[in-house]
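Down below is the structure, laid out as structure tokens.
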């Protein structure tokens, strides 16, 4: 029997509707949530992401400010821009689109963002709040989106075996940290390139989160029948029959795994749309805190 | 065959000797590392801990300042004391001994400590640096002590199965975060009270870290033959035949598990002594950063 599809587009729409209601409440109280997105250079993928984020903001009734800086921007100029946004009372969320050109240090830029406006959840203090379970922090949008998907599909997490494949700072590590908190109560194993029996771990999972950035890495034999499979990957795979010359594939071999899993997220249309929705949710929360 | 005993007293001594050499170097450059310990109230166990920390500091050639405040100290008074220590250039490390009396908020006090002087590693920004693998942070002393023990006994961690029992903010969570970092490269499973098959997980472990605060919780049948067993627990168990009416027991059933394990830490004399040694090491590092 084929797995239930977890419809990230529909869940993202529901989240964005909730956010829009929250925004309307805030606007009625005189505060319009504002998100500033800083784009340095003209990376085509980044340009698309930034445009989508801006559009989603406006659809939710928020103010969106996009700041485009040339690819030659110095670290000092970028930090000065961050400082200006930190000081701007009309801006509640700040996002610096990655990757940055080589003369800029992403780490230093991220640390410069006011943690109270760090709606990407990348500042160390927000990473720390996540780890220690302090609800004042902002969780990074992708793992937060996975949690939202699990909640909306009533996937039980208490005592569940969760296996996270990947240990990046923006997905794998915060994903594991979210899952072990009291209230979520999953038993979490974090696997990575050095893991010895990765397939064996994956097969234990009630909830398997793939975030390794390798197309179709998770095969059907790595999935326990009935498991919930969350695919965070989005990889370009050469495909001569496609007009563009490539197709998008997740970290999961979707066609085969859907025959084994109980629930599965497609790529695209799974976790992806949730990422922007959670960004809006974080921005609303940042604005709510300063509202009268 | 009985397990090799991991001698925390000897390893702690070696760490403290290294620290003493580093302190001597700093003193020669005109900086004497200083640790301030704040003790609120007169909890007998806390009083002993604080005295031991002060003594260890002095033995390593550091300055030790112990600030005793009455049990009636208000939150405002405690925060003002922290502010004064943050501003004091002769103080490089600040530790507020827990637990605090009920009128004080530990969370707020911890967040008030300058992260650069947070040698206990409890500030959210240091927890975050730990999670994201930023070496600028301070790791909490107990999990840092476990890492030191593993290093000094050449216990391989790359690809090792590590199972951490317990998810406290001062041991379990940072322990797991340290173990998954690149370079350490363990595959980590964090278990807790809601874990379904805790014994099954424990039996998979090449390195089993017990930090649940339940006396003799880890029994021999939960340990893989040859595994390295690290006992972080220190529990009082009633024992009428003892003069004090109790004995100290770890989270591991030492007598039985030592017959199965490859290496094991005793309690006392295992992880415990490392905790103070790592506190000294963190304080030396904090002082080194501000030295000319």
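Taking segment A:220-244 as the range and being without any contact (Cβ under 8 Å) to a residue 40 or more places away in the chain and farther than 10 Å from residue A:260 by Cα as the test, the residues that pass are A:233, A:234, A:235, A:236, A:237, A:238, A:239, A:240, A:241, A:242, A:243, A:244.
The set of residues in segment B:181-191 that are in contact with a strand residue (DSSP E or B) (Cβ under 9 Å, 6 or more places away or on another chain) and facing chain A (nearest Cβ under 7 Å) comprises B:187, B:188, B:189, B:190, B:191. Exactly one residue out of A:289, A:258, A:216 is touching a residue at least 24 places away in the same chain (Cβ under 8 Å) and closer than 30 Å to residue A:126 by Cα, and it is A:289. Take the residues in segment B:111-127 that are touching a residue at least 40 places away in the same chain (Cβ under 8 Å), closer than 19 Å to residue B:176 by Cβ and out of contact with any strand residue (DSSP E or B) (no Cβ under 8 Å at 6 or more places or on another chain); name whichever of them is surrounded by the fewest Cβ atoms within 10 Å (Cβ to Cβ). If we take residues in segment B:111-127 being touching a residue at least 40 places away in the same chain (Cβ under 8 Å), closer than 19 Å to residue B:176 by Cβ and out of contact with any strand residue (DSSP E or B) (no Cβ under 8 Å at 6 or more places or on another chain), then B:121 is surrounded by the fewest Cβ atoms within 10 Å (Cβ to Cβ).
Among residues that are within 13 Å of chain A (Cβ to nearest Cβ), touching a helix residue (DSSP H, G or I) at 6+ places or on another chain (Cβ under 8 Å), surrounded by fewer than 22 Cβ atoms within 10 Å (Cβ to Cβ) and in a helix (DSSP H, G or I), residue B:108 is included.
Is segment A:131-143 home to any residue that is over 17 Å from the mean Cα position of the chain (by Cα), within 9 Å of chain B (Cβ to nearest Cβ), at positive phi and at pLDDT 95 or above? Step through it out loud before you land on a result.
Applying the first criterion (over 17 Å from the mean Cα position of the chain (by Cα)) to segment A:131-143 yields A:132-136.
From what's left, within 9 Å of chain B (Cβ to nearest Cβ): A:132-134, A:136.
With the extra rule that they be at positive phi, the set shrinks to A:133.
Okay, now just the ones that are also at pLDDT 95 or above, so A:133.
Among the residues of segment A:131-143, at least one is over 17 Å from the mean Cα position of the chain (by Cα), within 9 Å of chain B (Cβ to nearest Cβ), at positive phi and at pLDDT 95 or above, which makes the answer yes.
Residue B:15 meets all of the listed conditions (1) under 24 Å from residue B:87 (Cα atoms); (2) touching a helix residue (DSSP H, G or I) at 6+ places or on another chain (Cβ under 8 Å) but one, namely (1). The single condition among (1) free of Cβ contacts under 8 Å to residues at least 12 places away in the same chain; (2) within 13 Å of chain A (Cβ to nearest Cβ) that residue B:178 does not meet is (1). When residue A:48 is tested against (1) part of a helix (DSSP H, G or I); (2) surrounded by 17 or more Cβ atoms within 10 Å (Cβ to Cβ), exactly one condition is not met: (2).
Screening the candidates B:204, B:194 for the property of being under 27 Å from residue A:129 (Cα atoms) and within 13 Å of chain A (Cβ to nearest Cβ) yields one hit, B:194.
If you go through segment A:144-171 and keep only what is within 12 Å of another protein chain (Cβ to nearest Cβ) and farther than 24 Å from residue A:213 by Cβ, you end up with A:156, A:157, A:158, A:159, A:160.
For segment A:128-230, the helices (runs of 4 or more DSSP H) that sit wholly inside it and include 1 or more residues that are surrounded by fewer than 18 Cβ atoms within 10 Å (Cβ to Cβ) are A:141-152, A:198-204. Residue A:67 meets the conditions (1) in contact with a helix residue (DSSP H, G or I) (Cβ under 7 Å, 6 or more places away or on another chain); (2) within 11 Å of chain B (Cβ to nearest Cβ) in every case but one. The failed one is (2).
Sort out which residues of segment B:73-87 are surrounded by fewer than 21 Cβ atoms within 10 Å (Cβ to Cβ) and closer than 14 Å to residue B:38 by Cα, and write them in order of number. Break it down stepwise before answering.
Quick first cut of segment B:73-87, residues surrounded by fewer than 21 Cβ atoms within 10 Å (Cβ to Cβ) only: B:73-77, B:79-81, B:83-84, B:86-87.
Selection gives B:73, B:74, B:75, B:77, B:79, B:80, B:81, B:83, B:84, B:86.
The values are calculated or read from the model by the stated rules, or taken from the named source; none is laboratory data. The structure displayed is predicted, hence computed values, not measured ones. A quick note on method: Cβ atoms are made from the backbone with ideal geometry, for glycine too, and the neighbour counts reach across all protein chains shown.
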